[in-house]
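Undergrad: Pasting a structure below so you can have a look.
Laboratory data are not the source of any read-out in this text; all were calculated from the coordinates shown. Here the structure is a predicted model, which is why all the values come from computation and not from measurement. Methodologically, a virtual Cβ is constructed for each residue, glycine included, from the backbone with ideal geometry; neighbour enumeration extends over all protein chains shown.
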Amino acid sequence: MEGTDVVFWNNDYNIVLICNLAIIIATFTSLRWCTGMISHINPSKELLKKDNPAFGISLSAAFFAISIILMGAVYGKPIYAMEESVIALALCGVMGLVLLAISRLIFDKIALPNISIRDEIVKGNISAAIVDAGNVIASAIIIRTMMVWNDLTTKDSILPILMGFLISQALLTVTTYFRTQKFTRKLGKTYQEHFTEGNTSAALRFAGRKIGTAFAITAASNVLFFESFSIQTSLMYWGVASVGMIIALSVLSYIANKVILYHVDTDSEVIRQHNVAIGVVQCLIYISLGLLLSELLA
C-alpha cells in the first residue's frame, strides 16, 4: 500500500499549518514580552531569580487564556486558504493580547479596586495569582465564544467582537460587584482583604465562580443565531440571554452545593478556616455546572 494512502498529505494544507504554528509561537513570545511591559515586571527575574510561584501561575494562566482564544480561529473545519487562515489567526492573536490586557485593567480598577493584583503577585501572593488566573481564563472563554459566534475570518468581525467583549466585561464586573457586596454584608470582611491575607480557599471559590459565569455567558450564544445585518439586536438579545443564564447557574450552583456539601458550613470552612479542600470542590462545582450548561444548549 502506498504511504500516501495511509497518511494524509497536502502541501497547501501543510503550509497553512506551518504558518499557523509560527503565528502561535509569535503570539506566545509576545505575551511574555507584553506582560513585562504592561505590568512593569521582569518575567525572568520573577521566574528565575525570585522563584515566584504566584507570577508563574499568573503567566501560565495567560498562556492558557491565549490558547483558548486562538481556538476561535481554528474552530470547526480546517481553513485551507492561506490568506484567510493567516488573517484569522493573526487577528485572534493580536486581539487576544489587547483584550486580555483590557480585561485585567477593568478587573483591577473597577471590579476589585481595593487591591492591587499586580503588587500582590510580585509579593508572591498565591491567592492573588489564582484570582487573576480566574479572570483571564473567564475573559478568554468569552472572547473565543464571540469569535466563533461571529465566525471570525475578516476584519468586518472585529467590531461585533469588541462590542460583545465590552458587554461581557460589564456582566462580569456587575456580577463580581454584587457578589463582593453580598459577601461583605454576610461575613463583615471584603474579598480583597481575604485575598491580601492569602486566603487560597476563598480565591479558588472566587475564580471558579468567575469561570463558571463565563461558561454561562457562552451558553447564551448557543441558543441564539448571530445576525450580521443586525449586530446591535443580536448583541442585545445575547446580553439579556446571558443574564438569564447567569441566574440559572446561580440557582443550580446553590442546589449543587447543598446536595454535594450536605451539612457543611461552606462559609466557615472556606472563609474562616481557609479549608482549601472545600474551596477546590466549590470551584469545580461552579466550573462544571457552567460547562455543562453551555454544552447542553450547544
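Undergrad: List the chymotrypsin sites (Phe, Trp or Tyr not before Pro) in the range 200-280 that DSSP assigns to loop (not H, G, I, E or B) and whose Cβ has at most 15 other Cβ atoms within 10 Å. Which are they? Don't jump to the answer; show the numbers that get you there.
TA: Working: sites: F206, F215, F225, F226, F229, Y237, W238, Y254, Y262; in loops: F225, F226, F229, Y262.
Loop-located and lightly packed - F225, F229, Y262.
Undergrad: Among the GluC sites (Glu not before Pro) within the range 95-199, which fall in a DSSP loop and have no more than 14 other Cβ atoms within 10 Å of their own Cβ?
TA: Details: sites: E120, E193, E197; in loops: E197.
For GluC sites (Glu not before Pro) across the range 95-199 that sit outside H, G, I, E and B with at most 14 neighbouring Cβ atoms in 10 Å, the list reads E197.
Undergrad: May I have the convex hull volume per residue, in Å³, for the Cα set of the range 203-298?
TA: With only Cα atoms used, the range 203-298 gives 82 Å³ per residue.
Undergrad: Cross-link list K189/K210; K45/K189; K186/K258; K109/K182; K50/K189: which exceed 22 angstrom alpha carbon to alpha carbon? Please report the intermediate quantities before stating the final value.
TA: Details: K189/K210 20 Å; K45/K189 34 Å; K186/K258 18 Å; K109/K182 20 Å; K50/K189 31 Å.
As for pairs spanning more than 22 Å Cα to Cα, those are K45/K189; K50/K189.
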